[in-house]
Structures are given as structure tokens and as C-alpha cells.
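Here the structure is laid out as C-alpha cells; the discussion comes afterwards.
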Amino acid sequence: METFNLRTERLYAILPRAHRLAKKRKLMLKELRDQPFLLLREDHCFRDTAIEVCKRARVVPKVVFESGQFSSILAMVGAGLGISIVPEMAVEQRPDCAYVAVSDDRASRTIGVVTLKGRYLSRVQQAFLAHLHTFSQKDT
């Protein structure tokens, strides 16, 4: 296989706007230790990232609800039903939520591309991979 990284993005705690930690610029995951967590279901790739980041911070999230979509998680956080962890690409302006950067070491995720080495790629696939590679060079 051949791989290359596209980008590394920071993780954020998403909190209800009225949460006591919502006005902070950064927080450590241990500050969320006793909070009700809303996480993506086990079949979603980001769930493993969130659980691993919590594990490294010695935090066992109290999962009170699971969903298959970030949009459901964001709406539930906004309604005050819990907190969550999201990647930078899921951060959106919402009047009912606050996003606080997680400052723990390695509280990030890397997105990459994997192809089978030696496998034939069409011109379209080659162009797409070249574009992604160029995109990833701009982001570093």
C-alpha cells in the first residue's frame, strides 16, 4: 500500500452555550470527566478517535446517547443533553453550542489516503490523487 497524509486537524469539545466551561479557549479532557457524553455509534470511524483521545487522558466517557451523524450530536448538545468531541471539520456556527479546543497532547486526528501499490489507476483516479496530494501540500 501507498499512503500520504492530507491534513491533521485539532479536536474540539462541543458544549451547550450555558455550560460552565463554554467560555474557555482551551480545556483538558480531564475537565469533562463526569459529564454526560454524546458520541457517534461504533460503526463511525471518528468514534474510535474520540474514545482513544479520552483513554489517553484517563477519562472514561459516560456515554448517554449514540448517533450515526454529527448533526444529531450537535443538536442534542445544543439542547443541553450532554457534551461531545468533534473534529475541526465538524465545527459550525451554532447559537446554542460552544466549541472549545482540546489542549491534551495528541488531541488531533490525521486524514490520509491509501492506495494499493502497483494497482492500475485510471486517468481520473490519477488526477484525483494528484489533486489531493497538491491540496495536502498547501495545508502544511
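All of the numbers you see were taken from the coordinates with simple rules; none came from a lab. Since the model is a prediction, treat every value here as computed from it, not as a measurement. Cβ sites come from the backbone with ideal geometry, for glycine too, and all protein chains shown count toward neighbours.
Mind listing the long-range amide H neighbours of residue 40? Cut-off is under 5 Å, sequence gap 5 or more, other chains count too, H placed in the peptide plane at 1.01 Å from N.
So residue 40 has HN proximity to 67.
Helix-only mean residue ellipticity at 222 nm, the chain, DSSP H runs n ≥ 4 weighted -39,500 (n - 2.57), per residue, nearest 500. What is it?
-8500 deg cm²/dmol
Any chance you could give the angle, 0 to 90 degrees and rounded to 10, that helix 45-56 forms with the longest Cα principal axis of the chain?
In the chain, helix 45-56 runs at an angle near 60 degrees to the longest axis.
Residue-wise, which Karplus ³J(HN,Hα) couplings in Hz belong to the range 89-102, taking 6.51 cos²θ - 1.76 cosθ + 1.60, θ = phi - 60°, and x for glycine or proline?
Couplings: 5, 8, 6, 9, 6, 9, x, 9, 10, 10, 10, 10, 4, 8 Hz.
Report relative contact order for the chain in percent, whole number only (criteria: Cα-Cα under 8 Å, sequence separation at least 6).
Relative CO of the chain lands at 46 percent.
How do the peptides 117-124, 24-31 rank, highest first, by the average count of neighbouring beta carbon atoms within 10 Å per residue?
Order by mean packing, descending: 24-31, 117-124.
Once you've got the GNM for the chain with C-alpha springs shorter than 10 Å, pick whichever of 46, 65, 128 has the biggest mean-square fluctuation.
The residue that fluctuates most here is 128.
Listed here are the pairs 23/55; 62/117; 55/117; 24/62; which of them are more than 32 Å apart at the Cα?
Over 32 Å Cα-Cα: 62/117; 55/117.
DSSP beta bridges in the chain, what fraction antiparallel, as a percent rounded to 5?
70 percent
Pick from 11, 129, 21 the residue whose mean-square fluctuation is largest in a GNM of the chain, springs joining Cα atoms under 10 Å.
129
From the phi of every residue in the range 15-30, what ³J(HN,Hα) in whole Hz does the Karplus formula 6.51 cos²θ - 1.76 cosθ + 1.60 yield, where θ is phi - 60° and glycine or proline is x?
Values, residue by residue: 10, x, 3, 8, 4, 4, 9, 5, 8, 6, 7, 9, 8, 8, 4, 4 Hz.
Counting only residues 5 or more places away or on other chains, whose amide H sits under 5 Å from the amide H of residue 4 once H atoms are built in the peptide plane?
Answer set, sorted by chain and number: 113.
Output the Cα-based Rg and Dmax of the range 31-97 in Å, rounding Rg to one decimal and Dmax to a whole number.
11.3, 31
How large is log10 of I(q)/I(0) for the chain at q = 0.19 Å⁻¹ when the intensity is taken from the Debye formula with one equal scatterer per alpha-carbon?
For the requested q values the scattering log ratios are -1.05.
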